[in-house]
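Since the structure comes first, as structure tokens, the remarks are kept for the end.
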Amino acid sequence: GDAAEDTAREITSAGGSATVAPADVGSEDEIVAAVKRAVDTFGGLDGVVTSAGVFHGGDLKPLGEVELDDFLFVLQVNLAGTFLAIKHAVPHLVERRGAIVTIASTAALKGHGYGSGYTASKGGVAALTRLAAVQYGPQGVRVNCICPGGVDTPMTAGTWNTPEGQKGIRRTVPLQRVAQPEEIASVAAFLLSDGAADLTGQTIAVDGGATIA
């Protein structure tokens, strides 16, 4: 919530408009309230990005050692949260022929070797994107999926900022770098824009080439 408030202040200081509606994306009531807040504030929805996601320490084990509760927790946030956001936003997006961008992961495209719940959830997000694109395309709503590779965020920074992490980047990423959050955001902004008017149902890896290496 505090971070969202800071972001809203940056947006308004730059001349834009913003509102904040903190929510647990795995709670349908809280998603409904967040969508209502946005619609009431701005008069409708033109675009939605479903970017909430988590890792869980208990999920980062060999599949046979992962507890069901840890597996389901990750699915509740990453996959059910995406489903709920689309479900409750899409009626408003139909009204304005808007667009949706989901955020999955390169884990949806190749085996990372860890995170059974994370991998399953992100594969589900990519599949759900294609389903929504087919169902709502005739009503003018476009739905596309971004699969980021390594991104320098607080959630993952410890992964890259070690000698072993840097060695892994050089070995597995052709561009030999991790992305900044703004670079993922710029792709999302394009997919929401009229410049992407003929793009829907696509899964786009933004990963420095990791999935082709």
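Laid out as a table, the results:
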{"read-out": "Kyte-Doolittle mean at least 0.0, axial Cα span of 20 Å or more - DSSP H helices of the chain", "value": "28-42, 81-96, 116-136"}
{"read-out": "Overall Cα dimensions of region 161-213 - principal axes, largest extent first, Å", "value": "42, 22, 13"}
{"read-out": "Ranking by accessible area, most exposed first, for I103, I11 with a 1.4 Å probe", "value": "I11, I103"}
{"read-out": "Rounded accessible area of E182 (nearest 10 Å², 1.4 Å probe)", "value": "130 Å²"}
{"read-out": "Average accessible surface area per residue within the chain, 1.4 Å rolling probe, Å²", "value": "54 Å²"}
{"read-out": "Accessible surface of region 150-213 [probe 1.4 Å, protein heavy atoms]: carbon and sulfur percent", "value": "57 percent"}
{"read-out": "Value at 222 nm in deg cm²/dmol, rounded to 500, when DSSP H runs of n ≥ 4 in the chain each add -39,500 (n - 2.57)", "value": "-14500 deg cm²/dmol"}
{"read-out": "Net charge, A4 excluded, C-beta distance under 15 Å - Lys, Arg +1, Asp, Glu -1", "value": "-4"}
{"read-out": "Relative packing of 164-171, 104-111, 206-213, 189-196, which averages over residues the other C-beta atoms within 10 Å, highest first", "value": "104-111, 206-213, 189-196, 164-171"}
{"read-out": "Volume in Å³ per residue [convex hull over Cα atoms, computed for region 82-186]", "value": "118 Å³"}
{"read-out": "The chain: relative contact order in percent, alpha carbon pairs under 8 Å with at least 6 residues between", "value": "19 percent"}
{"read-out": "18 Å cut-off, amide nitrogen to a point 7 angstrom out along A14 Cα→Cβ, residues in region 100-129", "value": "none"}
{"read-out": "Residue-count net charge about W160 - beta-carbon cut-off 15 Å; Lys, Arg +1, Asp, Glu -1", "value": "0"}
{"read-out": "Per-residue SASA entry for V49, accessible area with 1.4 Å probe, Å² rounded to 10", "value": "60 Å²"}
{"read-out": "Per residue, the convex hull volume that the Cα atoms of the chain enclose (Å³)", "value": "135 Å³"}
{"read-out": "Portion, in percent, of the accessible area of region 1-119 that falls on carbon or sulfur, probe 1.4 Å", "value": "53 percent"}
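The values are calculated or read from the model by the stated rules, or taken from the named source; none is laboratory data. Note that the coordinates shown come from a computational prediction; the quantities given were computed from them, not determined experimentally. Cβ coordinates were reconstructed from backbone atoms using ideal geometry, including for glycine residues, and neighbour counts include every protein chain displayed. Areas reflect the complete protein model, heavy atoms only, side chains present, ligands, DNA and RNA absent. Shrake-Rupley method; radii C 1.70, N 1.55, O 1.52, S 1.80 Å.
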